[in-house]
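Values quoted throughout were computed directly from the atomic coordinates according to the rules given, and no laboratory measurement underlies them. Nothing here was measured: the structure is a model prediction, and the numbers come from that model. Here the Cβ positions follow ideal geometry from the backbone for every residue, glycine too, while neighbour counts run over all protein chains shown.
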Ligand code: PDD
């Protein structure tokens with residue numbers, strides 16, 4: 001089993017032995033926010049961007065991140081050191097704390113619960129990415145605050161399960177069964193007649209850190225790019241489809257709903273962006289990339 005270690009309530013433990021109260025707000029209501037950050041050579045990839053998104057998510061749900069932010073930034077590094085994980089990911093969850101079950105916020109003074117888990121996750125090579133990854137379309141019936149990285153993920157869980165039960169790896173959400181928004185845990189791009197498209201940021205999707213960095217690479221490479229909505233029909237008809245996300249990097253999708261995209265092989269644009277993205281891991285200063 002891959003190495004996993006967790007910090008909760010002031011203690012470092014094996015993840016299987018770490019516990020929270022049954023009255024924790026994340027457990028009762030999904031009342032919390034989270035981040036998933038890549039660990040590369042024992043350091044945090046794009047850490048500054050993840051931290052800023054966590055601050056934004058917290059502000060939007062009126063959660064007092066400041067009460068645990070210093071502890072969090074120290075613990076994340078301590079946990080990486082203690083676990084010895086060189087290549088992996090860190091999961092950070094902050095809930096509104098522990099309090100008797102009542103929908104309204106707990107009384108002032110209840111401290112948010114901080115959970116940090118570090119686990120191993122090997123870096124993938126292009127050969128790994130070339131193995132067919134497929135997706136299915138799922139109805140996007142989520143709320144209108146998908147830009148908040150909230151622990152309330154039931155629609156994403158149901159969509160991913162639909163994908164897995166149909167032998168696919170990812171579910172691609174479509175609003176009104178028509179407009180492609182994002183994946184259950186990734187952002188979605190397509191390449192059509194030499195132009196790259198992805199859904200614009202806003203309330204319908206999570207502004208992915210990998211998406212932001214991929215946009216930077218697209219601009220650098222001078223590939224025509226439009227951040228504008230596209231339909232499921234256009235996606236099916238695309239030359240290339242790829243998803244981006246922490247752990248996914250830039251990952252080709254070769255089939256949607258069991259139908260090949262393009263010629264059914266990873267396309268040149270996807271391969272180039274995948275390679276350029278993986279080069280970012282070699283940067284000296286990637287924590288503030
Ligand atoms: N999910 N969209 C959704 C709905 C996501 O859950 C994620 C990431 C992304 C990609 O964001 P980023 O590039 O910042 O990882 C887009 C994480 C990895 C998760 O829930 O495990």
Legend entry - Percent of beta bridges antiparallel (DSSP, segment 64-200, rounded to nearest 5): 75
Inset, instruction - Can you tell me the relative contact order of the chain? Whole percent, Cα pairs under 8 Å, sequence separation 6 or more. - result: 19
Legend entry - Efficiency of FRET between residue 14 and residue 165 - r from beta-carbon atoms, R0 35 angstrom, step 0.05: 0.65
Legend entry - Gap separating the Cα centres of segment 55-81 and segment 157-172, nearest whole Å: 31
Inset, instruction - Please label the shape of segment 63-160 as rounded, prolate or oblate, based on the square roots a ≥ b ≥ c of the eigenvalues of the alpha-carbon gyration tensor (a/c under 1.5 means rounded; beyond that, a/b larger than b/c means prolate, else oblate). - result: oblate
Legend entry - Folded to 0 to 90 degrees: helix 66-83 orientation relative to the chain principal axis, Cα: 70
Inset, instruction - Counting only C-alpha contacts under 8 Å and six or more residues apart, can you give the relative contact order of segment 1-118 as a whole percent? - result: 38
Inset, instruction - Pop a pseudo-label 7 angstrom from the Cα along the beta-carbon direction at both residue 178 and residue 61 and give the gap in nm to one decimal. - result: 3.2
Legend entry - Highest to lowest packing among 242-248, 84-90, scored as the average C-beta count within 10 Å: 242-248, 84-90
Inset, instruction - Just grab the label-to-label distance for residue 285 and residue 265, each label 7 Å out from Cα along the Cβ direction, in nm (one decimal). - result: 4.0
Inset, instruction - May I ask you to compute the full-extension gain from residue 3 to residue 220, defined as 0.36 nm times their residue separation minus their alpha-carbon distance, rounded to one decimal in nm? - result: 74.4 nm
Legend entry - For the chain, calculated [θ]222 nm from helices alone, where every DSSP H run of n ≥ 4 adds -39500 (n - 2.57): -9000 deg cm²/dmol
Legend entry - Approximate spin-label separation residue 272-residue 126, in nm, with each point projected 7 Å along Cα-to-Cβ: 1.3
Inset, instruction - Would you please give the FRET efficiency between residue 157 and residue 73, computed as 1/(1 + (r/R0)^6) with r the Cβ-Cβ distance and R0 = 22 Å, to the nearest 0.05? - result: 0.15
Legend entry - Net lengthening on full extension, residue 81/residue 105 (0.36 nm per residue, minus Cα-Cα): 5.1 nm
Inset, instruction - Calculate how many DSSP beta bridges within segment 180-289 are antiparallel, expressed in % of all such bridges and rounded to the nearest 5. - result: 90
Legend entry - For segment 126-280, diffusion coefficient by Stokes-Einstein and Kirkwood Rh (Cα), 37 °C, 0.692 mPa s, µm²/s: 216
Legend entry - Length-normalised contact order for segment 126-280 - Cα pairs under 8 Å, 6+ apart - percent: 26
Legend entry - Whole-angstrom gap from segment 125-142 to segment 197-229, using each part's C-alpha centre: 18
Inset, instruction - On a 0 to 90° scale, report how tilted helix 154-165 is relative to the longest principal axis of the chain, with both axes built from alpha carbons and the result rounded to the nearest 10. - result: 50
Inset, instruction - Quote the FRET efficiency, to the nearest 0.05, computed for residue 257 versus residue 195 with a Förster distance R0 of 22 Å and r equal to the Cβ-Cβ distance. - result: 0.45
Inset, instruction - Could you check which residue among 78, 275, 70 shows the biggest mean-square fluctuation in a GNM of the chain with a 10 Å Cα cutoff? - result: 70
Legend entry - Of all DSSP beta bridges in the chain, antiparallel share, percent nearest 5: 85
